[in-house]
1. For region 158-217, how many residues are basic (Lys, Arg) and not in a loop (DSSP other than H, G, I, E, B)?
2. Look at Glu282 and say whether it is of a type outside the set (A, V, I, L, M, F, W, C), loosely packed, with under 13 Cβ neighbours inside 10 Å and more than 28 Å from the chain's Cα centre (by Cα).
3. Which one of Thr274, Thr324 is more than 30 Å from Gly185 (Cα to Cα), among the polar types (S, T, N, Q), in contact with a strand residue (DSSP E or B) (Cβ under 7 Å, 6 or more places away or on another chain) and surrounded by fewer than 14 Cβ atoms within 10 Å (Cβ to Cβ)?
4. So in region 123-169, with the set limited to residues that are more than 20 Å from Lys194 (Cβ to Cβ) and small (Gly, Ala, Ser), which one is surrounded by the fewest Cβ atoms within 10 Å (Cβ to Cβ)?
5. If only one of Asp218, Asp189 is acidic (Asp, Glu) and more than 23 Å from Leu127 (Cβ to Cβ), which one is it?
6. Would you point out the residue of region 197-210, among those that are crowded, with 19+ Cβ neighbours inside 10 Å and over 18 Å from the mean Cα position of the chain (by Cα), that is farthest from Gly228 (Cα to Cα)?
7. Going by what's in this entry, would Lys194 be described as surrounded by fewer than 20 Cβ atoms within 10 Å (Cβ to Cβ) and closer than 17 Å to Ala160 by Cβ?
Amino acid sequence: MKEDSKIWDLLAKRTDHSLSKEEEESLDQMLKEDSSLQRASRLVEGSQVNMDTHQTEEAMNRTWSKIETGMKTDRKPRLKLIIRRYAVAASIAVLFVLGGLLGYQLWGKPDMLIVMNQGKEALLFTLPDNSKVWLGGGSSLKYPDELSGRNREVYLEGEAFFDVKKDNGRTFQVVTDIVEVMVLGTRFDVRVSKTESTAEVVLESGSVKLNERNKTEDGVILRPGEMGRVMQQSGIEVRHVDLQLYTTWKDKYMNIESQKMDNVMFMLSKRYHTEIRIEGEELKAEIFSGRFDIDQSLENIFETIDLITPIRFQKQPDGTYLVTPK
């Protein structure tokens, strides 16, 4: 365990470029002797992850507690926490590497990874099969280190947008507590709300098949521009939606084209993970177009909107916003 701690300390120091020559040589020797550590080192170098020490410690403690509860053996696996500081410092994400023993014990699959986005900005990363994922704030994605099986399965909590790479007929499946999404190659958004016991799948291109979790009935096939809304024990409801409302939260720039102000506030609420209430029927129906850099604060965006459509905004004690006409 002491040796493990030394390895991860050295890996963390490598991400900060603070290794001494002796430490670099020691780490290189350790990596040569352990192929699993070589894989972990590549993940460290390839992941854009920012950390907060106190939050990381709390996350490790919570995760380790869950691990010990789920173990069916006295043998304790290693929990590997891979961290990298990201210069943009917008999202706080933690990538957990769970070793083979733990993988088999809890999920029946070796080398499971968990990416947790604890920030507010979308976190973009690439899966081992070259599919891209934009992970929403407060969300997590669990997947095998190698998506080498016939069916590529990932496990989502929260919201993510997927750009799935087509791979010789191998299916790609997103599994949540409420819905399972089966695809071959496509672009789509999945959002799961545990508090509301609902899941929403919005399809941008291609086609996907939705099945309620643990249900044997035939699923529902979505076509581009459709949303499948799943409520536990209530089936799947399909309707046409404006893709702009549901897929722009992940982009660096939010392009708004001829949207009602009510829809604009909906898009901003998704991006900034806060409730925005708008008062006044005329203001709600006002048509707005614009382009925002989402690196700026929500208040700055409100001020920009005010230059075109006069509004007042006020932050409420609970952190939500109230927008009213001037």
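The values are calculated or read from the model by the stated rules, or taken from the named source; none is laboratory data. Quick caveat: nothing in here was measured; it's all calculated off a predicted structure. Note that each Cβ is placed from the backbone with ideal geometry, even for glycine, and that neighbours are counted across all protein chains shown.
1. The qualifying residues number 3.
2. Details: of a type outside the set (A, V, I, L, M, F, W, C): yes; loosely packed, with under 13 Cβ neighbours inside 10 Å: yes; more than 28 Å from the chain's Cα centre (by Cα): yes.
Judged against the criteria, Glu282 is a match.
3. Details: Thr274 fails: surrounded by fewer than 14 Cβ atoms within 10 Å (Cβ to Cβ).
Of Thr274, Thr324, the one residue that is more than 30 Å from Gly185 (Cα to Cα), among the polar types (S, T, N, Q), in contact with a strand residue (DSSP E or B) (Cβ under 7 Å, 6 or more places away or on another chain) and surrounded by fewer than 14 Cβ atoms within 10 Å (Cβ to Cβ) is Thr324.
4. The selected residue is Gly169.
5. Asp218
6. Among residues in region 197-210 that are crowded, with 19+ Cβ neighbours inside 10 Å and over 18 Å from the mean Cα position of the chain (by Cα), the one farthest from Gly228 (Cα to Cα) is Val208.
7. Judged against the criteria, Lys194 is a match.
Each row is one residue, and each column tells you yes or no for (1) at pLDDT below 85; (2) acidic (Asp, Glu).
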position: Phe125; (1), (2): no, no
position: Ser131; (1), (2): no, no
position: Leu135; (1), (2): no, no
position: Leu141; (1), (2): no, no
position: Gly149; (1), (2): yes, no
position: Glu153; (1), (2): no, yes
position: Glu157; (1), (2): no, yes
position: Ala160; (1), (2): no, no
